[in-house]
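The values are calculated or read from the model by the stated rules, or taken from the named source; none is laboratory data. These numbers were taken from a predicted model, which means no experiment stands behind them. Reconstructed Cβ throughout: ideal geometry from the backbone, glycine too, with neighbour counts over all protein chains shown. Accessible surface areas use protein heavy atoms only, side chains included; no ligands, DNA or RNA. Shrake-Rupley method; radii C 1.70, N 1.55, O 1.52, S 1.80 Å.
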Amino acid sequence: MTSTDSSPAAARADRPRRGHPSRGAPLPLLVPALVGLAFLLLPLLALLVRAPWRSLPSELTSPEVWQALRLSLVTATLATAVSLALGVPLAWLLARTDFPGRALVRALVTLPLVLPPVVGGVALLLALGRNGVVGQWLDAWFGITLPFTTAGVVVAEAFVAMPFLVISVEGTLRAADPRFEEAATTLGASRFTAFRRVTLPLIAPGIAAGAVLAWARALGEFGATITFAGNFPGRTQTMPLAVYLALQNDPAAAIALSLVLLVVSVAVLAGLRDRWMTTS
Amino acid sequence: MTDLTGTAGRASAQKLGAPGLDARLVVDRGAFRLDVALTAAPGEVVALLGPNGAGKTTALRALAGLTPLSDGHLRLDGTDLDRTPPECRPVGVVFQDYLLFPHLSALDNVAFGPRCRGASKADARADAASWLERMGLAEHAAARPRRLSGGQAQRVALARALAIRPRLLLLDEPLAALDARTRLEVRGRLRHHLAAFEAVAVLVTHDPLDAMVLADRLVVVEDGAVVQEGVPAEIARRPRTDYIAQLVGLNLYRGRADGHTVRLEGGPSITTADALSGPVCVAFPPGAVTLYRERPLGSSARNLWACEVAGLESHGDQLRVDLVGELPLAADLTTVAAAELDLHPGAPVWATVKAAQTHAYPA
Amino acid sequence: MIRSARRTRRTVQLAGAGVAALLALSACSSSSDPSTGSGASPAAGSSSSKLSGNITVFAAASLKESFTALGKEFERQHPGTGVTFSFGGSDSLAAGITGGAPADVFAAASPKTMAIVTGRKDAAGPPATFVRNQLEIATLPGNPHKVSSLKDLTRSGLKVVLCDRTVPCGAAAQKALAAGGLKLTPVSYEQDVKSALTKVELKEADAAVVYRTDVRAAGDTVEGVEFPESAKAVNDYPIALLKNAQNATTAKAFIDLVRSPEGQKVLTAAGFLKP
């Protein structure tokens, strides 16, 4: 593209791209940035320093660790899928339609973010538990009880993780030009087709970012999970639960487990980032 | 509403069931109200011309169904469209900045419409390819919009709108996004395509040159209402509002004519070549104005006014002088002449205009 | 009258404890500063009649009700003192103490968790068992599933929650099950005793193996069922003065109150057994 071309189509592509060489960051930004980075990384570094490297191999060969890790990955992925399936339409509703009380609905959507996860778990029990407001009917009509099941883990994780996705996708939708949808409509696309074939691809990076956030949150989810789904190895004991319980009497094992969780999540996130986020 | 003196072409379109566009667009938005009647015969290109905020784009959106009508009607080829959702209207739109889908190739952008309207993927792409071919863009079919130049993007947008075979083609400021150099070329091309288009085309622009080159008929909109409409030459010759006069570069005054003299409301008189009576408009181009620093004694001009320079603006080798005083007016002169006169804001000058260079017409 | 007499006796005990603490400190000489110990000794002697200052007590969650009551009583008896509690899982509290949390007294729900603290030499003396707790089955109100023994919990279809074996109530439950030669697969191994009880209170689980004290505290929301195997898994609650205590004298006085007949009365009322 030439710099003399001033058409908007070209101008839009002129957005700053990642990886541009910076001309030296100003000190008032650089210093707090580095302090912030250190603040975030120091605890992780401490974990590495104090890790029981000698006993690590034996800690990690226990089948329970792999069981918990596998369960964590599966449930976090499923919770992300649930969040995507429900959260993206919800984000669209919040960003693109106008209805009375929308501001309130948006605030309510973010409620799980501020709710202590344990309280979230109790709330889920009260709603979807065997004796819950809705759960009793699920039990009576379909024989479905969510607590103490893997499905319950997914529900708890999705409950906590979905707001991240909704907020992220809604922000992207708001930033996206709604006129693309209008353009699609004038070409004969129904509103849903316009969303599916135009909006969705346009906001894909935002959705991916939201999904990654949600996945990470679901992977680390502890309070709501243990409260709603309980803790049973292989069924509802995810890594964070295993870590927490190991911490009770064997901190070394807990550190080892945490390291596994960290390594796996960093690997997955880095992998996804390369795949999804650099193609835009 | 201003009186709508119809042309022969439109008279037939106004009949119910007749081909073409027959609309009265009313959009009420609290402080702003658009109320515009618009008719056009198939093959006709109508330009909605007006200043920013006049409601041109709102009218266009109403035609496309993107903004609901508060009142009025919208008939296209005899079919009522005012309750039809935009995706079901046979209306193609070229948006101001084209709004090409950035994630689709030029070909898929053009194929989008046919695909949405039920064509198979292969058919839609074949159709799109032929449209791109017609636009001279065959080699850019695979390119993403961001790789296209402004002019190319404009043609893809036009192909995309035409690919749904619309009975009404809408163009929103089709040339505004282009730089001056490409604009000339694209305007010529667009004129060619519009001339070949067999249904109604409505374009919105604030540029009188675009409107005059591209459109068969102009509809001038100000503050949500039509203030004048007619063929470009007519409008250029006989502007009815200051806005149009400025657009076409004329000094315009209203007054009451008595023979060759037009007495302006609360101002001086202008002697004209035309002899009229009653309320009239008097117009003359800025180039017809001659300026003097000293009161000209031997001048034959009967229109002589004492003015003061309010501003200077250069247009190429010409200088547009904005004058206030006895008669506010704009005068064009060469930079050399301006330098000789030593013009600067606040400088007192005498302005004259020959009666033969004025044009008076009933208001 | 009575109170003053008791106080005298306590003072003697206190002095004894102070000496014991001193001995303990000098015994493990190397790292600890002996001046702390010698400084504490005269303080213990002089403040026998007048206690002051605030103390922080880290106590197992199951002690919340009774210790809160005892704390109020202590403040009433010794105007000018203040007792701040931090209730939580014994393990977390122990981790906090070994991590340097400012606490004067630690009351744990098991000797094992106390051992974490004493093992790091963070206690200022040998811990003393002040109460014992026994397991009980918590069932839904009215005991609709007719649970009358630990064996009944192994019936299929019954949703039972246990504490995780890493926490004291879970370890005790496993001990009791082993004593009865029973094999029980719960729906969940809960993170602590309160979580286990909550599951029954919310009727998500049909029964939970928890402590007597928890059943007592839950009131009408659950019904307790005693079982003989619980005798094999009695939990000792140790209490200890901590090495980093800011206010050792007052802290010791509080420990004494806990161990006094008066304190024991409050604790047994909550369902604890005497040591």
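A few points about this structure:
- Among the residues of the range B:229-264, those that are part of a strand (DSSP E or B) and either free of Cβ contacts under 8 Å to residues at least 40 places away in the same chain or buried (at least 22 other Cβ atoms within 10 Å of the Cβ) (or both) comprise B:229, B:251, B:252, B:253, B:255, B:256, B:257, B:258, B:259, B:261, B:262, B:263.
- Test: residue A:178 is over 24 Å from the mean Cα position of the chain (by Cα), open to solvent by 40 Å² or more (accessible area, probe 1.4 Å) and more than 7 Å from every other protein chain (Cβ to nearest Cβ): yes
- Residues of the range C:27-76 that turn out to be loosely packed, with under 11 Cβ neighbours inside 10 Å, in a helix (DSSP H, G or I) and either among the hydroxyl-bearing types (Ser, Thr, Tyr) or modelled with pLDDT of 50 or more (or both), as a count: 3
- Matching entry among B:204, B:220 (being part of a strand (DSSP E or B) and touching a Ser or Thr at 6+ places or on another chain (Cβ under 7 Å)): B:204
- Condition check for residue C:143: farther than 22 Å from residue C:268 by Cα and surrounded by 15 or more Cβ atoms within 10 Å (Cβ to Cβ): yes
- Residues that are within 24 Å of the chain's Cα centre (by Cα), open to solvent by 20 Å² or more (accessible area, probe 1.4 Å) and not polar (S, T, N, Q), drawn from the range B:91-118: B:97
- Residue check, residue C:263 open to solvent by less than 10 Å² (accessible area, probe 1.4 Å), away from every other protein chain (no Cβ under 14 Å) and in a helix (DSSP H, G or I): yes
- Qualifying position, being within 12 Å of chain A (Cβ to nearest Cβ), on the phi > 0 side of the Ramachandran plot and not small (Gly, Ala, Ser), among B:144, B:115, B:165: B:165
- Taking the criterion of being assigned to a helix (DSSP H, G or I) and either at pLDDT 95 or above or of a type outside the set (Asp, Glu) (or both), the residues of the range C:250-260 that qualify are C:250, C:251, C:252, C:253, C:254, C:255, C:257, C:258, C:259.
- Filter result for residue C:206 (touching a residue at least 60 places away in the same chain (Cβ under 8 Å) and open to solvent by 30 Å² or more (accessible area, probe 1.4 Å)): no
- Scope the range B:216-228; condition open to solvent by 10 Å² or more (accessible area, probe 1.4 Å) and closer than 18 Å to residue B:60 by Cβ; matching residues: B:216, B:222, B:223, B:225, B:227
- Taken together, the residues in the range A:183-198 that are open to solvent by less than 40 Å² (accessible area, probe 1.4 Å) and touching a residue at least 12 places away in the same chain (Cβ under 8 Å) amount to 5.
- Within the range B:56-81, tally of residues that are part of a loop (DSSP other than H, G, I, E, B), open to solvent by 40 Å² or more (accessible area, probe 1.4 Å) and more than 14 Å from chain A (Cβ to nearest Cβ): 2
- Residue list for the range A:115-146, filter: small (Gly, Ala, Ser), buried (at least 17 other Cβ atoms within 10 Å of the Cβ) and part of a helix (DSSP H, G or I): A:120, A:121, A:123, A:135
- Enumeration of residues in the range B:265-291 that are in a strand (DSSP E or B) and surrounded by fewer than 14 Cβ atoms within 10 Å (Cβ to Cβ): B:273, B:275, B:277, B:278, B:279
- Residue match in the range C:241-248 (condition: away from every other protein chain (no Cβ under 14 Å), open to solvent by less than 10 Å² (accessible area, probe 1.4 Å), over 28 Å from residue C:157 (Cα atoms) and out of contact with any Pro (no Cβ under 7 Å at 6 or more places or on another chain)): yes
- Test: residue in the range A:41-60 that is open to solvent by 40 Å² or more (accessible area, probe 1.4 Å), within 14 Å of chain C (Cβ to nearest Cβ) and modelled with pLDDT under 85: yes
- Checked against the criterion of being more than 25 Å from residue C:112 (Cβ to Cβ) and within 12 Å of chain C (Cβ to nearest Cβ), the candidates A:222, A:228, A:232 yield just one match: A:228.
- Cβ pairs under 7 Å, 6+ apart, first in the range C:90-111 and touching a residue at least 40 places away in the same chain (Cβ under 8 Å), second among the charged types (D, E, K, R): C:97/C:122; C:111/C:236
- The one condition from (1) open to solvent by less than 60 Å² (accessible area, probe 1.4 Å); (2) touching a Gly at 6+ places or on another chain (Cβ under 9 Å) that residue C:225 does not meet is (2).
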